[in-house]
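Report on the following structure.
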Amino acid sequence: MKSYSNTYIFIFSVIMVVVVAVLLSFVAMQLKPLQDLNQEIERKEDILASVGEAEDVSDVKDKNAFIEQEFEKYIADSYVVDFNGETVDRDAFEVTLNIKVQADKPAEERLYPVFVYTAESGAHKYIVPVRGKGLWGPIWGYMAFEPDMNTIAGAIFDHSKETPGLGAEINTSWFEEEFIGKKIFNEEGDFVSIGVLKNAETANNPHAVDAISGGTITSDGLDDMLEDYLVGYMAHFKEKGTEN
Amino acid sequence: MSEREPLFSAKNLKLIREPLGSSNPITVQVLGICSALAITVQLKPAIVMTLSVIAVMTVSSVVISLLRKMIPPRIRIIVQLVVIATMVILVDEVLQAFAYEVSKQLSVFVGLIITNCIIMGRLEAFALANKPWPSFMDALGNAFGYGLILIIVSFFRELLGSGTLMGYQVVPNSFYEVGYANNGLMVLPPMALIVVGVIIWVQRSRNNDLVEQN
């Protein structure tokens, strides 16, 4: 085997690293707009899905355009509130896109976006994003509320790194559908969130859903996420619920 | 170099055929077991993982083979890792841009292709010492051999563990009504090991050459 001088090895490594770095940065820069667009579309799709719109896109040729169009059509209004329920002058979708920034802050300092869905019948639903921690990485979701701001009209969850078949089941419809009709306030009007519990007697308990077998830590994370994030909307929800 | 070997000579085809059976990376060489356990709960991620591994492996193999006379042996492992890591990041970026849904499904496992021992094993054992075309065939064969096992394992795990295939329910509801239940154990990683074990058993009982002589 040929032997190489240290100089050769050094130069070889430098060239290799530079070539790889240039290649990767170039590809990353080129693909960035596409990836960002995918994320925006995904957020919009999730928001729509939480109220049961645009769920089947398998027949749609241009999915991106379709989602944009549906979003424009149904999500007519959106606004941002703070912990005390005061309206903040920010773009709700932009805050949602960067929800990670908000989720890292304590609940009192976050900005809370609300999307108002208007059905063809004219009925409204209110969609809020939530974000928390699963087992391996972040989990997030969108919760849609009836105008009483108490009953859940729909929920969509997603994750980046949960284990397929276990924690990753949070984004399946059987799990998400459990949330429909559940209530986040008890009869005294206090915020109780939704528990994600083992063997929850879900039929009798309006404040709990069944957790995922084998996905305990993800389920617990989801439970914490709902409590931690929804509590920030309470000031606004109580006010809005009475108003509606 | 005196005589040009035909592209699909018997020798080259053997490079593809052998890893599918008698020198299968998972069942015979027992490499790449870790990822085989992790992503075989469902069929679809297993298939996309197979395609990603094929892409990473063939390209890295060809690159290493082209550079084989320039790579200083003292840093060859590092060079191999850099090439593989670059490919994996490229695959990940491309999936995120053009197949967003799938890339979300595979999540961490795409990144973990870097640590797949089959890839480095083949680069080290084959691509460093052979010309690009045979290296390509060898990489393709081993990636297919790996993918074949992934797909077989995930087929049984999804079917018996969730009653679905590719996400579609295949076990009819009437089965559940008469008391059939999905085997929850199938969803957990240990069952992947057992399924791989069963495949090894079947393969060895059919092919005596693989059984070690005492």
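Since every read-out is calculated from the coordinates, none of them should be taken as a lab result. Source: prediction; values computed, not measured. No Cβ is skipped: glycine too gets one built from the backbone with ideal geometry, and neighbour counts run over all protein chains shown.
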Per-peptide average of other Cβ atoms within 10 Å, ordering B:166-174, B:32-40 highest first
B:32-40, B:166-174
For the range A:95-104, in order, what is each residue's ³J(HN,Hα) by Karplus, 6.51 cos²θ - 1.76 cosθ + 1.60 with θ = phi - 60°, in whole Hz (x at glycine and Pro)?
5, 5, 4, 9, 5, 4, 4, 5, 5, 6
When chain B is modelled as a GNM with alpha-carbon springs shorter than 10 Å, which of B:Val202, B:Val30, B:Val110 fluctuates the most?
B:Val202
Report the full-extension gain for the segment A:Asp190 to A:Gln69: residue separation times 0.36 nm, less the Cα-Cα distance, to one decimal in nm.
39.7 nm
Whole-Hz Karplus ³J(HN,Hα) for the range B:21-36, in order, using 6.51 cos²θ - 1.76 cosθ + 1.60 and θ = phi - 60°, x for Gly and Pro?
x, 6, 10, 4, x, 7, 7, 9, 7, 6, 10, x, 5, 4, 6, 5
Percent antiparallel among DSSP beta bridges (both partners in the protein assembly as shown, rounded to 5):
90 percent
Using 0.36 nm times the number of residues separating B:Val171 and B:Val198, minus their current alpha carbon distance, what extension gain do you get?
7.5 nm
Inter-chain Cβ neighbour average for residues A:212-223, partner chain, 10 Å
1
For A:23-33, what's the mean count of beta carbons from other chains sitting within 10 Å of each residue's beta carbon?
3
Paramagnetic reach from B:Leu13 (point 7 Å along Cα→Cβ, amide N under 20 Å) across the range B:121-155:
B:133-145
Going from the fewest other Cβ atoms within 10 Å to the most, one would list A:Phe191, B:Phe136 as A:Phe191, B:Phe136
Residues A:Thr118, A:Thr163, sorted so that the one with the fewest Cβ neighbours within 10 Å comes first
A:Thr118, A:Thr163
Collect residues whose amide H, placed 1.01 Å from N in the peptide plane, falls under 5 Å from the amide H of A:Phe145; neighbours closer than 5 in sequence don't count.
A:Tyr126, A:Ile127, A:Val128, A:Ala153
Quick calc, A:Glu109 & A:Ile180: beta-carbon distance into FRET formula, R0 35 Å, rounding 0.05, result 0.65
Using the count of nearby Cβ atoms within 10 Å as a rough guide to exposure, how do A:Thr7, B:Thr50, A:Thr216, A:Thr172 rank from fewest to most?
A:Thr7, A:Thr172, A:Thr216, B:Thr50
Using r as the Cβ-Cβ distance of B:Thr164 and B:Lys131, and R0 as 41 Å, what FRET efficiency do you calculate, to the nearest 0.05?
0.40
Ranked highest first by average number of other Cβ atoms within 10 Å, how do B:206-212, B:81-87 line up?
B:81-87, B:206-212
Using 7 Å Cα-to-Cβ label points, what is the B:Glu212/A:Thr7 separation (nm, one decimal)?
5.0 nm
Counting partner chain Cβ atoms within 10 Å of every residue's Cβ in B:93-100, what's the average?
5
How far apart, in nm, are the 7 Å Cα→Cβ label points at A:Ala21 and B:Val178?
6.7 nm
Hey, what do the phi angles of the range A:68-73 turn into as Karplus ³J(HN,Hα) couplings, whole Hz, using 6.51/-1.76/1.60 and θ = phi - 60°, x for Gly and Pro?
4, 5, 5, 5, 4, 6
FRET efficiency estimate (nearest 0.05) - Cβ-Cβ, A:Met29 to A:Ser121, R0 56 angstrom:
0.75
If one builds a Gaussian network model of chain A from Cα atoms under 10 Å apart, the most fluctuating residue listed among A:Glu176, A:Glu120, A:Glu109 is A:Glu120
